[in-house]
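The values are calculated or read from the model by the stated rules, or taken from the named source; none is laboratory data. If you're wondering where the values come from, they're calculated on a predicted model, not measured in any experiment. All Cβ positions, even for glycine, are placed from backbone atoms using ideal geometry, and neighbour counts span all protein chains on display. All accessible areas refer to the heavy atoms of the entire protein, side chains included, with ligands and DNA or RNA removed. Shrake-Rupley method; radii C 1.70, N 1.55, O 1.52, S 1.80 Å.
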Amino acid sequence: MKVTQVVRHFVIFIICLFILPLWGITAQADSENNGADVLVIGVPADRCPVFYLDPETKETVGIGVDLMRAAAEEAGYTAAFRVIAEKTNKEALDSPEYDIIMPFGSEIKSSSGKETIVTENLIQTPFTMVTNGNNKLPVLHESHIGMLSSLAGGAETVKQLYPGIGITLYDTMPECVKALRSGEVDALLHNSYVWSYVLQKPSYSDLKVQPATMFSMDFRAGTLDTPEGRAVIDRLNTGIDKLTDTRKQAIVLDYTSRRLYQYDFWDYIYEYRFILLSGTILFALFIIGIVHMQRKVHRQQEEKIRELKERDPLTGVLNLEGFKKRVEELLLAHPENQYLLSFSNIKNFKFINESMGRETGDELLRFWTQKSTATFSDEEAMGRITGDRFAVLRKLADAEQMSRDEKEVFEPLRNYFIDRGKEIQLQICTGVYAITPEDHKNIDVDRMLDYARMAEKKARATLKTGYEFYNPEQWEKGKQIVDISGHLPAALQTGEIQVWYQPQVDYTTGVVSGAEALCRWKHAKLGWISPGVFIPTLEETGMIFDLDSFVWDKVCQDLHRWNQEGKRRSVSVNLSRSDIREDRNIPGIFYELIKKYDLDPEQLRIEITETAYVENPGFLIQTTSELREYGFQVEMDDFGSGYSSLHMLKEVPVDRIKMDLHFLTGTGDMEKSRIIITQVIKMIELLGMKLIAEGVETKAQADFLKERGCQEMQGYYFYKPMPVEDFEKAQG
Ligand code: C2E
Ligand code: MG
Ligand code: MG
């Protein structure tokens, strides 16, 4: 072969190399188009498994898509599916974007009102109702159902099939379900294939498919009724005719047997809600546990630090700082306690330390604190101030408390060395400050310690050993408070306290018109004590209310008994000024009492002392008004004893004034007293109030009062206060 031939062959080879592939591409393109027309089919994409987007390829797929593609291919079309952008299929019909739209059940008008034409039926689609749980299946003709608005065409077909049915369209499936759950609609309607997908959602497990309501709807494609439209429909129909039932069933089966439903985030949350909830609770408990532990550890650490800061390492009792703090706490927490604060010191401690060594001295101090604290309650404290100086806050349980302490603590302490065979007696000096009620309010521990220290100095100067009081009067008073207030609960129980009655008389007729209840106390230790002693003490400690409640109850019991015996009486009871507090509903208490004992309110007269009105007029006037609203009689006791201005008489709404002769006749010019009494009687009468005179001791007084217009009287001239039995006898 010549070179030219070789070159020619090479050129031909190269040409073939370039030309042949081009020819191949054109051939392939020809075969692809194959003369086939592209048919743009508008479909929805939110109806899995009929029409939906493949999550991986993002292509439009589903039963409807495959059926239509098969029919289109049979008709010689290349099917191109486009997701409908319009809200409904009816609107999509008016869009030039699509050649045909699907799905349709039958011919409907486009949204602009144009006529349409539809293909042959591709397949019968079963439609089923879904109801809420076990709700009864509604009668279709009368029911109200919900459908997706994209099925507006289908809704029209349903209306034609079931006239009388009510249909509401919703944009999304969650809205449909919400309407069903709230009872807005009786059931939801959709094709069964879609339900088979939608109901896989875990939170829709309460929805129930009602197979009995199933009916079939055609599944067609449609377009505007135009010459071109009709041509497309005719051609498609040839393809549809060619689809065998087996093929259609295969397509349906392919999609309905796949597990297409994909869980979203909320589905997972719903599915695992119980696990998540228990997990959250466990986690919360865990966190709470940790926080609690941390707090506990923190508290313990704080406690330890406090211990270190506030404890005396040698004896284990508090140091000065700790003691002061604890005293403050205790005085605040226990205002009811009568406390003594003492300061003690061993006079000859220096000698002991020097002669017997520090060790022995330390032992002695430890012995002292152990002996003392062994007798303590939680409401008491001991502190080491310096060296051999100790302070103690001690609660006065009774008047014998100090002699007991003397025996149990100080005697063994004084004899510490004697008991150990050495001839040395300790000299202990103690100063005592009796804490006053005022100290509970204005707590100044340094000042109290100073007072105790001053008393201790006095003891040291005057005594070899023993104690001195800074304020002995307060100590006496303290003892009395303890004897009276401390003993009151027991006295109320054991009958030491009795209610006596002092009759009140109408002097003109001589008839007993009432009585005043006065209490009497035969104290186990102190004997008869006068109300003049124990009432102020109980008022000071706030315990008067316990006593008065007892008296009121006892009086009501007696009144009830007399009522039953047919002897209807009225009794005046005393209401202390300390009883009247804003947090205590006094009118309510009296009302409960008369209900309990079935009494009339006017059988109880309530005496409130005049001075109380001066101290707290606003609240007292309110209480008085409320008492009178209930029907009780209110009396102003001891009129003339206080400093009330006459203007009070105008303000205070009482029924009766109890004029105390003591205060009006006790001292001074008798003639002036008579003038005052005369004028008071006149004034009270003019003010429209009732009047009773108390403290009437002589006939002369009684006659004078009667002459001036005051008939009601109470006093020794008539009767002294007497036990209930005597009172009953005196009245027959
Ligand atoms: P009060 O309410 O003014 O009672 C009248 C007091 O005068 C009584 O004293 C009574 O025994 C006394 N008295 C009556 N007639 C005469 C008389 O002709 N001459 C003299 N000198 N005195 C007479 P008592 O029983 O010692 O009570 C004193 C005060 O104690 C009472 O004064 C009252 O304020 C109070 N009190 C008595 N019992 C109670 C009670 O149960 N509760 C309350 N809160 N206070 C009471
Ligand atoms: Mg009274
Ligand atoms: Mg009185």
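One table, with the values for the structure above:
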| item | result |
| --- | --- |
| Residue satisfying all of: in the range 612-622; within 27 Å of L661 (Cα to Cα) and away from ligand 2 (no atom under 12 Å from the Cβ); most open to solvent (accessible area, probe 1.4 Å) among these | E615 |
| Residue ID - farthest from the chain's Cα centre (by Cα), chosen from residues in the range 550-576 that are within 16 Å of ligand 3 (Cβ to nearest atom) and more than 15 Å from Q633 (Cα to Cα) | V551 |
| Scope the range 353-401; condition part of a loop (DSSP other than H, G, I, E, B), of a type outside the set (S, T, Y) and either under 30 Å from A524 (Cα atoms) or not assigned by TED's automatic domain parsing to the domain that holds M454 (or both); matching residues | A374, F376, D378, E379, E380, L396, A397, D398, A399, E400 |
| Test: residue in the range 199-206 that is in a strand (DSSP E or B) and among the aliphatic types (A, V, I, L, M) | no |
| The range 515-552: number of residues that are at positive phi and in contact (Cβ under 8 Å) with a residue 12 or more places away in the chain | 1 |
| The range 281-315, residues that are open to solvent by 90 Å² or more (accessible area, probe 1.4 Å) and either closer than 30 Å to G387 by Cβ or part of a loop (DSSP other than H, G, I, E, B) (or both) | E302, E303, K304, I305, L308, K309, P313 |
| Tabulated pairs, the range 246-273, first farther than 24 Å from V50 by Cβ, second assigned to a helix (DSSP H, G or I) and open to solvent by less than 70 Å² (accessible area, probe 1.4 Å), C-beta under 8 angstrom, 6+ apart or interchain | Y270/P202; Y270/S203; E271/P202 |
| Positions within the range 94-149 being at pLDDT 90 or above, small (G, A, S) and either out of contact with any Ser or Thr (no Cβ under 8 Å at 6 or more places or on another chain) or outside the structural domain of A72 (by TED's automatic domain parsing) (or both), in sequence order | S95, S112, G113 |
| Answer residue from the range 82-137, given it is basic (K, R) and touching a strand residue (DSSP E or B) at 6+ places or on another chain (Cβ under 7 Å) and is nearest to G62 (Cα to Cα) among those | R82 |
| Qualifying residue in the range 205-217 (condition: within 28 Å of K90 (Cβ to Cβ), open to solvent by 70 Å² or more (accessible area, probe 1.4 Å), assigned by TED's automatic domain parsing to the domain that holds T116 and of a type in the set (A, V, I, L, M, F, W, C)) | yes |
| Hey, V696 open to solvent by less than 30 Å² (accessible area, probe 1.4 Å), within 16 Å of ligand 2 (Cβ to nearest atom) and not aromatic (F, W, Y) or not | yes |
| Hits in the range 533-549 (condition: under 19 Å from D637 (Cβ atoms) and more than 16 Å from ligand 3 (Cβ to nearest atom)) | V533, F534, L538, F545, L547, S549 |
| Count of the range 594-611 residues which are within 16 Å of ligand 3 (Cβ to nearest atom) and either surrounded by fewer than 16 Cβ atoms within 10 Å (Cβ to Cβ) or not assigned by TED's automatic domain parsing to the domain that holds E582 (or both) | 1 |
| From the options E74, E156, residue that is open to solvent by 20 Å² or more (accessible area, probe 1.4 Å), in contact with a Lys or Arg (Cβ under 6 Å, 6 or more places away or on another chain) and touching a residue at least 12 places away in the same chain (Cβ under 8 Å) | E74 |
